[in-house]
Structures are given as structure tokens and as C-alpha cells.
Amino acid sequence: MPAGTIAGKPDDFDAFWDEIETDLAAVPANPEETELPLYSTEFSTTYSVRLTSIGPYRISAFVSIPKGDGPFPALFMAPGYASVVTPPPYQDRQRYVVMSLRYRGTRGSDWPYAGKFPGMLTDGIADARTWIMRGVFADAIRGFEYLAARPEVDPERIAINGTDSGLIVAARRPQVKAMAVSGAFWYRMQEMVQATEAYPFEEINDYVRTYPDERDAVMRTLSYFDPRHQAERVTARVLLANDQPEWFAPLAGALGGEHEHYAVTHEGQLDRDTVENWLADQLGAEHLPRIWTPEEIGSWSS
């Protein structure tokens, strides 16, 4: 996509998000919970949970609850852009009530709408109110609401981990105590799509090449979903894990709560453990590495 004008924060930004909140409030969640023995362990029970989001649309999620006496800290896995969402990692299931959300269009929430990958990112993108991602963010907020309201959850110990979509959830729901942003997708997306040919951003470039007259409308749509525009509402303590502090400086400066930076090393185990240990410290939970000893693995499978 040729470089062009970057749309700023829209004048009706607050009204846009208030409309989403109004639509959510008008639709009861009506949760249905089904135990999943295949994904349950000796230390946790996993459920498939179905919820109603705006539309109305039925979405689903994996929710795992530790066995024993609660309340427990809770962790919401901020959704990324992918067709398949897996159950939460084992080490998170040991210490948190944890949710992996399957938003509309993804497998498990793909009826009546089955998202195409690539393709879903541009569905309705010429208007922020018709873009499929408006519903996706409503789904994320609805999922978080359900998690935070679970009776097993300690309401003072709720965190989010994952992509910067979680910053928008944290901006809309102040129950979030801490958030680790270990992947950026929505932040400065207008600039990203003009600076790369990599997918999934290239989906937007493909769309604009096909419909060049809609370029400005597309840029305006993206501006509604930049977390920088509502970062001041985020009161959670935030860890920004990246290797480009200068790129993320405007976001860091806009955050309403305390924040810190972790310079990622691109050594997967080290970076994952550092981020997850930071979250555990915020929630008063045990440090658990992503990889266990053979003895630990054997004890769980016996």
C-alpha cells in the first residue's frame, strides 16, 4: 500500500465504543458450561463455555478451574488473529482460573459465521460499524466479564496476557489488575500495513488494491481500534514486552496506570518465563516454567 494519510482519533470515538457497551448490556450472556474430561487433569477441570455476545451471536471459550479451595487468581488470554484457539497452557491451569476465548468466526464459534483466514480481517472493513472486528472486540469483553464474575475468582487478582487486544479489554473493564502485552497487532496498525507485505497485514493491502477508493475509509476504521486512543483508561499495571521501545513509547506514555518495559531476547523459553513470572508476581501466584522435568510430566500421566 502506498504511504498516505494516517487517520487520527475519530471525533466520535467515545460514542463508537459506548454503542458497543450499550449493545452488550442489552444481550444477556446466557452461559452454558460443559465439562471436557479430555482437557481436564488431576489439578484442574476444563469446560467449554458458550456465551451470547452482540448480534446476538453465540461464542465459546475454554475455561479451566484449578481443583481445591479458592478463590483463585484469574487470567484472561487476550485473543490474537487466528482461526484456531487452543486450551490454556498446563502451567496456567495449575494456578489460575483461565480462559482462552474462541471469538466469532474461529473454530468452535464458527456458526453461523465461519471466518476465512486470510480474509476475515477485511470483512466489512470500509465502515467501523460493519467491520467484523467490532463484534470480535465485543466478544472479548463479554468473555472477560464472564471470567471475572466466576465465583472461584478472586476479584482483586485478575490479569490479562497476550496481544494488545487485551489493552482495549482492560480499558473497558477496570477489574484488570495487571496485563502483559507480549504481542502487538492493533497498535499503529495503519502504519504497519503501509510498511510491510507480511500477512495478516497484507490482507488489508490486498483489499485496498482491489478497492482503492475505500483507502481512506479503511484507515479511519483502523483508527477506532488502536489501543493508544483509550490507553489512558487502563489502570492496570502493564508490562510491555518487545524489542522496540521507541515504537511503543507513545503507547507507554498514554497508559493511565503504571507500566514497565521488558526487552525481549527472542529466546522463547526465557521470554515466556519472564513474562509469565511477572504476571505471577502481580497475582501472588507460584512461578511455573513452561517446560517441566521428565519426573513432573511422568507424575501427571501416571
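Determine which residues of segment 34-67 fall in the zone a paramagnetic label at GLU145 would reach in this model, i.e. backbone nitrogen under 19 Å from the point 7 Å along Cα→Cβ. Output list for this probe position: 49-63. Under a Cβ-Cβ cut-off of 15 Å, what is the net charge of the residues other than ILE158 that fall near it, where Lys and Arg count +1 and Asp and Glu count -1? Neighbour charge sum, excluding ILE158 itself: +1. Compared with the alpha-carbon gap, the fully stretched path from ILE6 to GLU260 is longer by 88.7 nm at 0.36 nm per residue.
Between THR45 and ILE65, LYS67, the built amide H atoms are under 5 Å apart, and every one of these is 5 or more places off in sequence or on another chain.
Summing Lys and Arg as +1 and Asp and Glu as -1 over all other residues whose Cβ lies under 14 Å from the Cβ of ASP92 gives a net charge of +2. Database remark: amide H of ARG188 closer than 5 angstrom to the amide H of ARG228 (H placed geometrically; neighbours at sequence offset of 5 or more, or on other chains; Pro and chain starts carry no H).
What is the ratio of the Cα radius of gyration of segment 13-301 to 2.2 N^0.38 Å, with N the residue count, to two decimals? Segment 13-301 yields a ratio of 0.99.
In this structure, the amide hydrogen of TYR262, modeled 1.01 Å from its nitrogen in the peptide plane, lies closer than 5 angstrom to those of LEU240, ALA241, ASN242, counting only residues at least 5 positions away or on a different chain. Between the helical axis of 268-283 and the dominant principal axis of the chain, each derived from Cα atoms, what acute angle in degrees is found, rounded to the nearest 10? Approximately 80 degrees, to the nearest 10.
A simple rule links phi to the HN-Hα coupling: the Karplus curve 6.51 cos²θ - 1.76 cosθ + 1.60 with θ = phi - 60°, which for segment 156-172 gives 8, 9, 10, 9, 10, 9, x, 6, 5, 4, x, 5, 5, 4, 5, 5, 8 Hz, with x for Gly and Pro.
Where only DSSP H runs of four or more residues are counted, the chain gives -10500 deg cm²/dmol as its mean residue ellipticity at 222 nm, each run worth -39500 (n - 2.57). Between ALA195 and ALA26, residue separation times 0.36 nm minus the direct Cα-Cα distance comes to 56.9 nm.
Could you please state, rounded to a whole Å, how far the C-alpha centre of segment 146-206 is from the C-alpha centre of segment 9-51? The distance from the Cα centre of segment 146-206 to that of segment 9-51 comes to 15 Å.
What the phi angles of segment 80-96 give under the Karplus curve with 6.51, -1.76 and 1.60, with θ = phi - 60°, is a coupling list of x, 10, 7, 7, 10, 10, 9, x, x, x, 4, 5, 6, 5, 6, 10, 10 Hz, glycine and proline written as x.
Report, in degrees rounded to the nearest 10, the 0 to 90 angle that the Cα long axis of helix 13-25 makes with the longest principal axis of the chain. It is inclined by approximately 50 degrees.
Working ranking of peptides 94-107, 60-73 by packing, defined as the average number of other Cβ atoms within 10 Å per residue, highest first, is 94-107, 60-73.
Between helix 201-210 and the chain there is an angle of about 30 degrees, using the helix long axis and the longest principal axis of the Cα atoms. The 3J(HN,Hα) values that the Karplus relation (6.51, -1.76, 1.60; θ = phi - 60°) gives for segment 60-70 are, in residue order, 9, 7, 8, 10, 10, 10, x, 7, x, 8, x Hz. Gly and Pro appear as x.
Throughout, read-outs are computed from the coordinates displayed, never taken from laboratory work. This structure is a prediction, so every number in the text was calculated from the model and none was measured. Neighbour counts run over all protein chains shown; Cβ positions are idealised from the backbone, glycine included.
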